[in-house]
Amino acid sequence: MERNYAKTVILLLNSVPETIIRCLAGSGYTLRFEQSAVPAIKADALEDISLVLINSDNINNFNFYETASSILNIKKLPVIFVTSEFRDDLISKTENLLHFGYISAKAEEFIIKSAVENALKIHKSDLFQTGKYSSMDITPGINPDKHTAGDLLTNEEVLFQVFNIINDPVTIIQSDDGICLFVNRGFTDLIGLRRSEVVGHCFSDFRLWVDPSVRNIMTAAILEKGYIDSLESDFYCADGKIITILLSAKLINFKGKNCIITISRDITERKNYEEILKKQNDQYAVLTEEYGLLIKELEHVQHTLTESEEKYRTIVQNSHEIIFTVLQDGTFTYVSPGWTKLLGHDINEILSHNFREFIHEDDCNEFFNFLNSFSGTSDLHVKQGFNIEYRVYNSDDQLRWHHSALVPLYDDAGDVIYFVGNAIDFTDKKNAGDESAKLLAEKEILLKEVHHRIKNNMNIMTSLLSLQINSLDDPASVKALTDARNRLHSMSVLYEKLYRNDAFREMSVKAYLVPLINEIASNFECNTSVNLEVDIEDFSIEVKNLSYLGIILNEILTNIMKYAFPEKTDCSVEISLRRKDNLIIMEVSDNGIGLPDNFSLEHSSGFGFRLIEMLTKQFNGNFEVNGNNGTYIRLEFFLCISPNLPE
C-alpha cells in the first residue's frame, strides 16, 4: 500500500542527482532545495524538515561536512550523504558525525526509498530518542568500506534493535558454511519462520530459493567484488507461497568471521501490478491493431464501393440472398429483388412497411430486442453487428426460416442511422436437420426394440433349456444343460440393462455385475448360507467386453456355489473388481474346501476353467488360480486392448 508522505519534508543540499529527486517526488515526499551552505542555514529554515540529503561530491566548493555539522548542532535530524563514489576520505571524514549512512548516486529506486524510510523510522524510535543510536550505515549493499561495516557490527544490541525496526528482511550468514547468525523481524514476518528455527541453522536447508542458480550467482558476485546490488529472485515462504524479492548483499566481518549481510524488499505486489499492466497493454495493443485493421478495411470497402457502384448494384440486384436496409424501428428503406425471388412479395409491398408485419409473432420480440440493443452502446462487438435466425411469412402465408447478419451504421454522434443486412433462406436445411433428428430418434427406438427382442428370445431359450433339463434323468446331461442355461442367463441380464439404458456402446460395470451376481447365487439352494461380499467400482466399459466379463464371472461363481461348500455352514465368497488406470483387476475368493492338490489349469478337464482361460487370453490378460485354504482367482486385463473375439 502506498504511504502518504505529503507532510514529510526532505531538505536537499548541493545539487542532489535528478534520479533521486524523481524517486522521492514520485513517492509523495515534499522536497525543499537549498544551495546555500554554512552559515546561511538558520534554525527557522529547519523547523519543518524531517530529513536532510546532502550531496558529498565536490560541487562548487560546497563544504558538506561543515554544513552537516551546522545542521546537527541546530537540530538532531537524520542526515544521509549522497555520493557518486565511496572514498576512504569520505568515510573517515564523516565517522564522527551522527549520520544515517550513504546512498549511491546510481542506487536503485527501492534502495533510495528503503534508506529514507528506515532513517525516518529509526529517528522516531526509542532507540534514537534514548541515545543508543550511533552513526552507522543502514542502507543495504551500498557501502563497500569494510572498516565502517565492522564498526557498525561491534554493538550487537544496537544492531539488532536497528534492524528489527526495519520492515525489510535482514539476514547475516557465515560465508564459509552458510550458518545463519541473525535474522530480523522483517525476515520472520515475510518468510513465516520463527527466529529460533533459522538462527544457528544452515541457510540452504530451508529451500528458500526457487531457482538455486540465482543464489550461486549472488555468492560468486559477492566473493568477486564484495557486494551485490538489486538482485531479483523468487523465494518460497513457509506456507509454500512464492514471492519476488529485490536483494542487496555485501561481505562483512562479524565477530571475526567473514559473513554476508543481506537486505531485501518484497516486490511481489509490484511485479503483479507490472504483469497486469503488461497484459493490459498487450490487450490494448491487440484491440488497437484489430480496430485499426477494421477501420482500414471499412475505408477500403467504402472507397471500392464509390468506384464500383454500378458493379455492386448489379451483384445486389442479382443475388439469390435478400439485401436490405432497415431503420431501428423496423421500417424497410431498401429491399433487393432477392426478396421477391425468395418470398414472392413485390418490392413496393415491402418498402416503408415494418419488418414486424412479416416476422412470426414468436420471433418478433427477439428480433426487435436485437435491433434496440445497438442504442447507446459502447461495446465494440455489438457495434460491429450480429447474427439472428427467425421465421418470416412468404406471399402465400407460408413460413420460411431465414438467417440474417446485420451491421449498424452510425452517425458522428454515435447514433444508429440504419442497419444493413442480408437474409439467407435455410428452410430446407432446417427441415433436413429436423428430419435427421427424427430418424435418429427412430433409430434409437429401433435399437431398443432389437435389444428387447434379443432379451425375450434369450428368455425363451432359457425356458426351453429348463424344460429339457426337467425331462432328463442323466446327471451329466442335466449339468451340461444347466451350465448352458446359466451362461445364457448372464447375457440376458446384460440385454435387460441395455434395454433400460440410453447408451448402447458402454455400460456401468457395477450396474450389470451386481444384479448378475445376485441372480447367479439365487439359483443354488445353499445361497442362504453363503455370505456374499461384493466390492465393484462404478465405471463403464464397452458392452461387448462387459458380456464376456459376465460369462467369466458366471463360470467362477457357479463353480464355487456348486463345489466349494459341500458341508460348511459359515460360508463366504468375496468378489472385487477395480480399475487401476487402464488395467481391470477382478479377484474372487472363498473359504471353501479349495481345489485338489494335483489341480492345474493346463490339465483341467472342466469346461468352465478352459472357457475362462480362453477368454482371458483373448483379452491379452492374466489368469491366476490358488486352491490352498479355499479358492483364490485373480484376473487382469487392459481396457485399451480390444479382445480378439468373434462379433
**OP:** Could you list, in sequence order, all residues of the stretch 204-228 that are over 15 Å from Gln174 (Cα atoms), in a helix (DSSP H, G or I), open to solvent by less than 80 Å² (accessible area, probe 1.4 Å) and touching a residue at least 12 places away in the same chain (Cβ under 8 Å)?
**Re:** Phe206, Val214
Original post:
Out of curiosity, is Asn258 out of contact with any helix residue (DSSP H, G or I) (no Cβ under 7 Å at 6 or more places or on another chain) and either surrounded by fewer than 11 Cβ atoms within 10 Å (Cβ to Cβ) or without any contact (Cβ under 8 Å) to a residue 60 or more places away in the chain (or both)?
Top reply: no
**OP:** Restrict the check to the stretch 78-98 and report whether at least one residue is surrounded by 15 or more Cβ atoms within 10 Å (Cβ to Cβ), modelled with pLDDT of 85 or more and not β-branched (Val, Ile, Thr).
**Re:** yes
**OP:** Return the pairs, sorted by first residue and then second, in which the second residue is of a type in the set (Lys, Arg), the first residue lies in the stretch 342-366 and is open to solvent by 100 Å² or more (accessible area, probe 1.4 Å), the beta carbons are less than 8 Å apart, and the residues are 6+ apart or on different chains.
**Re:** Asp362/Arg391
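Might you let me know whether the stretch 269-291 holds any residue that is of a type in the set (A, V, I, L, M) and in contact with a Leu (Cβ under 7 Å, 6 or more places away or on another chain)? Don't jump to the end; show me each part of the working.
First, pick out the residues of the stretch 269-291 that are of a type in the set (A, V, I, L, M): 276-277, 285-287.
When the remaining residues are screened for being in contact with a Leu (Cβ under 7 Å, 6 or more places away or on another chain), the result is none.
There is no residue in the stretch 269-291 that is of a type in the set (A, V, I, L, M) and in contact with a Leu (Cβ under 7 Å, 6 or more places away or on another chain).
Name the residue that is modelled with the highest pLDDT, counting only residues in the stretch 99-134 that are farther than 25 Å from Ile21 by Cβ and of a type in the set (Ser, Thr, Tyr). Write out each step before concluding.
Quick first cut of the stretch 99-134, residues farther than 25 Å from Ile21 by Cβ only: 125-134.
Subset that is of a type in the set (Ser, Thr, Tyr): 125, 130, 133-134.
Values: Ser125: 73, Thr130: 61, Tyr133: 57, Ser134: 54.
It comes out as Ser125.
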**OP:** Within the stretch 16-37, track down each residue that is of a type in the set (Ser, Thr, Tyr), open to solvent by 20 Å² or more (accessible area, probe 1.4 Å) and at pLDDT 85 or above.
**Re:** Thr19, Thr30
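A quick yes/no check of all residues on (1) surrounded by fewer than 11 Cβ atoms within 10 Å (Cβ to Cβ); (2) assigned to a helix (DSSP H, G or I); (3) in contact with a strand residue (DSSP E or B) (Cβ under 7 Å, 6 or more places away or on another chain):
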| position | (1), (2), (3) |
| --- | --- |
| Ile243 | no, no, yes |
| Leu251 | no, no, yes |
| Arg265 | no, no, yes |
| Lys271 | no, yes, yes |
| Gln283 | yes, yes, no |
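Listed here are the residues, each with its yes/no results for (1) modelled with pLDDT of 90 or more; (2) hydrophobic (A, V, I, L, M, F, W, C); (3) out of contact with any Leu (no Cβ under 7 Å at 6 or more places or on another chain).
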| position | (1), (2), (3) |
| --- | --- |
| Phe187 | yes, yes, yes |
| Leu190 | yes, yes, yes |
| Glu197 | yes, no, yes |
| His201 | yes, no, yes |
| Ser204 | no, no, yes |
| Arg215 | no, no, yes |
| Ile222 | no, yes, no |
| Lys225 | no, no, yes |
Original post:
So which residues in the stretch 472-512 are open to solvent by 50 Å² or more (accessible area, probe 1.4 Å), modelled with pLDDT of 75 or more and touching a strand residue (DSSP E or B) at 6+ places or on another chain (Cβ under 8 Å), if there are any at all?
Top reply: Glu506, Lys510
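Which members of the stretch 420-450 meet the condition of being among the hydrophobic types (A, V, I, L, M, F, W, C) and modelled with pLDDT under 75? Reasoning before the result, please.
Kept after step one, since they are among the hydrophobic types (A, V, I, L, M, F, W, C), are these residues of the stretch 420-450: 420, 423-424, 426, 432, 437, 439-441, 445-447, 450.
Across the stretch 420-450, the qualifying residues are Ala437, Leu439, Leu440, Ala441, Ile445, Leu446, Leu447, Val450.
For the stretch 229-241, give me each residue that is on the phi > 0 side of the Ramachandran plot and in a strand (DSSP E or B).
First, pick out the residues of the stretch 229-241 that are on the phi > 0 side of the Ramachandran plot: 230, 240.
Result: Ser230, single match.
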Original post:
Can you tell me how many residues in the stretch 229-240 are open to solvent by 60 Å² or more (accessible area, probe 1.4 Å) and either polar (S, T, N, Q) or farther than 21 Å from Thr188 by Cβ (or both)?
Top reply: 2
Original post:
What pairs can you find where one residue is in the stretch 580-607 and within 23 Å of Asn527 (Cα to Cα) and at pLDDT 75 or above, the other is open to solvent by 60 Å² or more (accessible area, probe 1.4 Å) and charged (D, E, K, R), and their Cβ atoms are less than 8 Å apart, with a gap of 6+ or different chains?
Top reply: Glu587/Glu574; Val588/Glu574; Ser589/Glu574; Asp590/Glu574; Asn591/Lys568; Asn591/Asp570; Gly592/Lys568; Ile593/Lys568
Original post:
Only one of (1) among the hydroxyl-bearing types (Ser, Thr, Tyr); (2) buried (at least 16 other Cβ atoms within 10 Å of the Cβ); (3) at pLDDT below 90; (4) more than 45 Å from the chain's Cα centre (by Cα) fails for Thr616. Which number is that?
Top reply: (4)
**OP:** Keeping to the stretch 588-602, report how many residues are open to solvent by 40 Å² or more (accessible area, probe 1.4 Å) and closer than 15 Å to Val625 by Cβ.
**Re:** 6
Original post:
Within the set of pairs 6+ apart or on separate chains, which have a first residue in the stretch 426-437 that is within 20 Å of His320 (Cα to Cα), a second that is open to solvent by 70 Å² or more (accessible area, probe 1.4 Å) and of a type in the set (Lys, Arg), and C-beta atoms under 7 Å apart?
Top reply: none
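Regarding Ala119, is this residue assigned to a helix (DSSP H, G or I), among the hydrophobic types (A, V, I, L, M, F, W, C) and open to solvent by less than 10 Å² (accessible area, probe 1.4 Å)?
On the way: assigned to a helix (DSSP H, G or I): yes; among the hydrophobic types (A, V, I, L, M, F, W, C): yes; open to solvent by less than 10 Å² (accessible area, probe 1.4 Å): yes.
Taking the combined requirement at face value, the residue satisfies it.
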Original post:
Considering the stretch 523-553 alone, what residues qualify as being out of contact with any Leu (no Cβ under 7 Å at 6 or more places or on another chain) and open to solvent by less than 70 Å² (accessible area, probe 1.4 Å)?
Top reply: Phe524, Cys526, Asn527, Ser529, Val530, Leu532, Val534, Phe539, Ser540, Lys544, Asn545, Leu549
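Of all residues being open to solvent by 50 Å² or more (accessible area, probe 1.4 Å) and not polar (S, T, N, Q) in the stretch 460-471, which is farthest from Leu488 (Cα to Cα)? Just the residue, please. Give the derivation first.
Just the residues of the stretch 460-471 that are open to solvent by 50 Å² or more (accessible area, probe 1.4 Å), to begin with: 460-461, 463-464, 467-468, 470-471.
Applying the additional criterion that residues be not polar (S, T, N, Q) yields 460-461, 464, 467.
Numbers: Ile460: 11, Met461: 8, Leu464: 12, Leu467: 15 Å.
Ranking the qualifying residues of the stretch 460-471, first place goes to Leu467.
Just to be sure I understand, how many residues within the stretch 67-109 are among the aromatic types (Phe, Trp, Tyr) and part of a loop (DSSP other than H, G, I, E, B)? Before the answer, list the steps.
Here is the first cut: in the stretch 67-109, the residues among the aromatic types (Phe, Trp, Tyr) are 81, 86, 100, 102.
Checking which are part of a loop (DSSP other than H, G, I, E, B) leaves us with 86, 100.
The total comes to 2.
The values are calculated or read from the model by the stated rules, or taken from the named source; none is laboratory data. Note that the coordinates shown come from a computational prediction; the quantities given were computed from them, not determined experimentally. Here the Cβ is made from the backbone with ideal geometry for all residues, glycine too, and neighbour counts use every protein chain on show. We work out accessible area using only protein heavy atoms, side chains counted, and drop any ligands, DNA or RNA first. Shrake-Rupley method; radii C 1.70, N 1.55, O 1.52, S 1.80 Å.
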